Every structure is written in structure tokens, then in C-alpha cells.
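Each remark here refers to the structure printed beneath this line.
The values are calculated or read from the model by the stated rules, or taken from the named source; none is laboratory data. Small disclaimer: the values here were computed from a predicted structure and weren't measured. Heads up, the Cβs are rebuilt from the backbone with ideal geometry, glycines too, and the neighbour counts pull from every protein chain shown.
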Amino acid sequence: MKSIHPVLADVTSRIRERSAPGRQAYLARVEALRQRPRGAERMGCANVAHAFAALPGEDKLRIVAQKAPNIGIVTAYNDMLSAHQPYEGYPGQIRATAHRLGATAQVAGGVPAMCDGVTQGYPGMELSLFSRDTIAMGTAIALSHDVFDAALLLGICDKIVPGLLIGALHFGHLPCVFVPAGPMGSGLSNSDKAKVREQAAQGLVGREELLKAEQAAYHSAGTCTFYGTANSNQMLLEAMGLHVPGAAFIHPHDPLRTALTDEAVSTVLSLRQGQRDLPIGHLVDERSIVNAMVALLATGGSTNHLIHWVAVARAAGILIDWNDFSDLSGVVPLLARVYPNGSADVNQFQAAGGPGFVLRELMRAGLMHADAQAVAEGGIARHAELPALDGGRVRWHALPDQSGDSSVVRTADDPFSATGGLALLQGNLGRAVIKVSAVPDDRHVIEAPARVFDSQEGLHAAFKAGELERDVIVVVRFQGPKANGMPELHKLTPPLAVLQGRGHRVALVTDGRMSGASGKVPAAIHLSPEALAGGPLAKVRDGDIIRLDAKAGTLAVLLPDDEWAARPLAARTEEMADEAGHGLGRELFGGMRRNVASAEEGACTWL
């Protein structure tokens, strides 16, 4: 194993230095809470009676008289999300396992969990980003009963995992383990699904054929099989050591999945004070945050995490920014190609070696902190092992030296690319990020006239009218957190992919987000400051020449500096402002829109 890479060391060091005041204050709060007596001994008799009133008598005896540990379960179960439907029976399993181990468990609370796949392109998507902080607050409400000795967090998908993690870190004195449920089986391939979507965008197939393809792709319980935000979440949790090792991508109905959930119960109990003594506020430190960033880059993961993990780090008193991601991306090799960065899905990724193979290769190359802590005894190195059932028990064994499929996963000595899958863009339009791992090499530099839209509906109308049949950089603005909650603009992918497929040189520039499934079309996203906050994107006019250069890391309107500085900002119309704030519950999130920080600051509403 090589010594730690100097860039990794430098980035970690500057994060630690930058974060020192906030991290010290955070750890002081964690320590103060850790020094208190247990809840059942600390709280008043009426409080204790309320907390355990519904428990069977023997459980009350265990908690109060025998001082047995009590696990709080925070669940994002609903059966709207295919990924979360398997959680329905988890509380019963967890309680039974806790009993066998001499402990108790209670569902502390549930948190909302919306499916971005349902709301893509519709008003509900404007609640999506803010659902993350709502979930964090829901987690805090659940754990605020303050009678728990540990917590299990049941969540998988896009905003749910970051929200649960942010909430849990505000209870940093508790040991916590995340419990995944696994991906659905492979259906219609992601590439075939994308082809049908592009055909539908051109009017070549109708609704019936499109729906048939979509239902063949999304067909059962489990996480969607492309490598979007949900599955990137699972990769990052493995890299941070917050799962039982290797738990991320085991099918919901595999007997190993049941055994791994039981293992999560025993693991969280082992982290209690007096045993291994590792609360989540100590486990999540600068090393684990950097490990998550590296894992994201090495797998070409979701761009959403350049927002979410900034917020996660802040919840632990740690400050990271896009410069940190950019510098790491310059030295972290791309070791996985999973759709949309390749043709494989996550089941094929798992079969080829999965997260464990990638993490082992990064550690061997000195590109992860191999000394970072994890919920499993032995630290993060345990996540380079593969779980399997042996006589009804989970045992771990070493991964093969070589990939099971080199078209999906590769060693650090033979990467798909010498650098990571994400890049920072800067220029007179502000700062943005771009996912380059799936973009063809000849599309990393696009220079073309701008066509400006203030809504994604405007772009769709122009595409259908044939107005975009040329080289064009499409600007979609007033899509930032303050404007309308920063919805994902994944519905823009099919028409832009069609234009690119016809030979046009096209790109997207926006202060909004793309889905974690964004792919082959160059997209400068998360542009900060956003247009509504006075960002220069509000200056762009139709016909302006924009240059997007992912190689040089630049994004600019090609105008003289004095002319650009003097140009006024376009205002959002009253009609647009009213539409962004009303209907389908959007009024309830007005305070979040007013108070939200920028995308690069994690779009936090609680700072």
C-alpha cells in the first residue's frame, strides 16, 4: 500500500485548518451530551413513563431496571419509493434481533421521502432539494425524545440519506449505523431506456411504447439500477464506514440482505459507550469526508453531492468547497463505468467487484485515508472486503486482485481515466460544476451562441418548434435555490441529447441541478451565484457567444470586460415568481427559499 498521496494530504490538511473553530465547537457539544446519564435515569418519571408506555412489560423492565440499551429507529419507509418499500418489515426484524442481543428498539419517528422520478419536470420537484433539510429536521424531532443509546437510520434515495445524515450529526453523541435495502433486479437496460426517451422526444414513438419501456426499467422493489444520486449515496456511505461493510448493493430479497440488517443491530450496539465507544460525531471527521469525496470522483457519481456533502460536512463542523473537489479530481482516477458513465447497471457493478473493489484500489494507491474509522471494528479497511453467508452468519473475505469485468471496474493501475469525473468551471458567469465522466472527449469544449430560457418548459417548446437545430448553448436560469428550490432539470436531457446526436455542438448552462443520471451532454450546473441572487447568468442575452471549456475549467460569455460589467441584470417576471411560490404545497417552503445558502455552501436552510 502506497503512502498517502500529497494532494490528498494537502486537501485534508487545509480542510482541517479551515474547519478548526467550528469542528472544535461541534466536538465540545458532542462531549457535553456524552457525559450525561442515560435518558431513563436522567429524565423525570413522567417523561420516562411516556417514552416507554407502549412497550411490553419486559422491555420496560430491561430499559429502566436492567439498563439495557435502547435503539432508536428513524425510518424513511413508504411504498411510493421502490427503494424504500422493503423497509416495511424492518422495524419488526430489528426489534426481534435487539431482543436476542439483550437490547430494545423503538421506531423513534418517520421522515418524508419523495421520489424524484415521479416529480421530474413537475411542480413537486421544486420541493425536492428542500426535502433534504426537512428530513434532517424530521430526524432531529425523532431523536429529540432523547431516550436512545444508539440509532439505526433507514434510508437510501436522493435527499433522504443526506437529510438523515445531517440530522444524525446534530445528535453526534449517538452511535449510528445506516441500514440500506438494496437495488431492484436488472430490467430493461438503462441505455435502451434512454434511446426510447430520445425517440419519444422526437415524436418517433408514442406514449404507449414509452410507458412500456419505463415500466420495464422500473419494475419492482429496490433502488433504481442506474448510478444516480441514490446509488451514489450508498457508495459514499461505504466510503465513510457508515454501513455494515459491503451492505450497499445486495438485493432486497437475498437472504444475505436479512443477515446484514441483523448485523447492523449488533454493530450499533457494539459502538455504545463502554464498548468501542464511537459516536457518529467522532466517526465523521475530516478523513471520512475526504474519503467520501474521493469515492464520488472515482466512480463518476452524482453531481448532487457537490451540494449535499458540503451540507453534511457543515453538520459536523467541517467546511469543504468546490475547490477541494476540483483538486482531488485532478489526481483521483476514474475506476468505474456505471450508467450513465457506461452501459453497466449497479448489479453488474456489484458483480464486477462493487464498492469494495473501488475502495481497496483507492487505498492501495494512497488515495483514501485507510486509517479512517468505521462502524465495523477494524476501520475503513473492512470495506474492502466482501460479505457472504456462511452457515447462516455473515462472514467477510478478501476480494480478487482483478476485476470481475474490466469494462465496469478497473484497478488503480489501469483506470478508465487518470482524473475524476467532475470538474469546476469558473469565469465571468460565476462558478459551476460539470460531470465530464460520461461526456465524449470531443465535447469537453463547446463554444456557441446562447439561447436563453427562464423555464424548462420554454426550452421544450423551442425544441418542438425546431428553433434549436444548430450549435447552441442553452441557458436555463432562475432555477436556483432562492428562485424555485433548485429542481432537477433531468427532463432536458432527451431533447439536448437528440440535438447532440444530430451533430450539433450543444451544452446546457444553468443555476439549477441536473439529475444524478445526467450524462453525455455537457452541462454546467449549480451556477453560483444564482440569477435571482444577482448572479451574472441574469445578464446573458440570446446570441451571446459562450465558451464552456471543461479542460481549462472555464465558463464565460465572450464579451469585453467593460461591456459585460455595464450590462444590466434581467429580472424575473412577476408571473414567474408567483408560479414558483404557489400550488402543491410550495407556499409552505417560502421561508426556506428566502433563507437558503448558495449551492456551493450546500444550499443549507439552517445556517
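Taking the criterion of being on the phi < 0 side of the Ramachandran plot and not in a helix (DSSP H, G or I), the residues of the stretch 570-596 that qualify are ALA570, ALA571, ARG572, THR573, HIS582, VAL596.
When ILE94 is tested against the conditions (1) over 15 Å from LEU143 (Cβ atoms); (2) of a type outside the set (Lys, Arg); (3) at pLDDT below 95, the lone failure is (3).
Go through the stretch 166-199 and count every residue that is within 21 Å of CYS224 (Cα to Cα) and touching a residue at least 12 places away in the same chain (Cβ under 8 Å). So that I can check it myself, show each step before the final result.
First pass over the stretch 166-199, keeping only residues within 21 Å of CYS224 (Cα to Cα): 178-198.
If we keep only those that are touching a residue at least 12 places away in the same chain (Cβ under 8 Å) as well, we get 178-194, 196-198.
Residues that pass the stated criteria total 20.
Quick one: in the stretch 205-250, of everything that is polar (S, T, N, Q) and under 23 Å from the mean Cα position of the chain (by Cα), which residue is surrounded by the fewest Cβ atoms within 10 Å (Cβ to Cβ)? Top of the filtered list is SER220. The set of residues in the stretch 252-268 being within 22 Å of the chain's Cα centre (by Cα) and over 13 Å from PRO387 (Cβ atoms) consists of PRO252 alone. As an exercise: evaluate GLY182 against (1) out of contact with any helix residue (DSSP H, G or I) (no Cβ under 8 Å at 6 or more places or on another chain); (2) at pLDDT 95 or above and give the number of the one condition it does not meet. Only one criterion is unmet by GLY182, namely (1). Pull out all pairs, ordered by first then second residue, where Cβ-Cβ is under 9 Å, the residues are six or more apart or on different chains, the first lies in the stretch 120-133 and is assigned to a helix (DSSP H, G or I), and the second is surrounded by fewer than 19 Cβ atoms within 10 Å (Cβ to Cβ) and of a type in the set (S, T, N, Q). If the second residue must be surrounded by fewer than 19 Cβ atoms within 10 Å (Cβ to Cβ) and of a type in the set (S, T, N, Q), the pairs left are MET125/THR119; GLU126/THR119; LEU127/THR119; SER128/THR119. Starting from residues that are under 22 Å from LEU306 (Cα atoms) and out of contact with any strand residue (DSSP E or B) (no Cβ under 6 Å at 6 or more places or on another chain), keep the ones in the stretch 405-419 and report whichever is surrounded by the most Cβ atoms within 10 Å (Cβ to Cβ). Selected residue: THR419. Pairing each residue of the stretch 204-216 that is closer than 20 Å to LYS464 by Cβ with any residue that is in a helix (DSSP H, G or I) and of a type in the set (S, T, N, Q), provided the two are 6+ apart or on different chains, yields C-beta distances under 9 Å for VAL205/GLN199; GLU209/GLN199; LEU210/GLN199. Only a single item in (1) touching a Lys or Arg at 6+ places or on another chain (Cβ under 9 Å); (2) touching a residue at least 24 places away in the same chain (Cβ under 8 Å) is not met by GLN85, and it is number (1). Screening ALA40, ALA54 for residues that are outside the structural domain of PHE226 (by TED's automatic domain parsing) and without any contact (Cβ under 8 Å) to a residue 24 or more places away in the chain leaves exactly one candidate, ALA54. The residue that is surrounded by the fewest Cβ atoms within 10 Å (Cβ to Cβ), counting only those in the stretch 427-443 that are modelled with pLDDT of 95 or more and assigned to a loop (DSSP other than H, G, I, E, B), is ASN428. Please determine, by comparing only the residues of the stretch 369-404 that are closer than 17 Å to THR261 by Cβ and surrounded by 13 or more Cβ atoms within 10 Å (Cβ to Cβ), which one is nearest to the chain's Cα centre (by Cα). The selected residue is VAL375. Being part of a helix (DSSP H, G or I) and surrounded by fewer than 18 Cβ atoms within 10 Å (Cβ to Cβ) is a description that applies to SER266.
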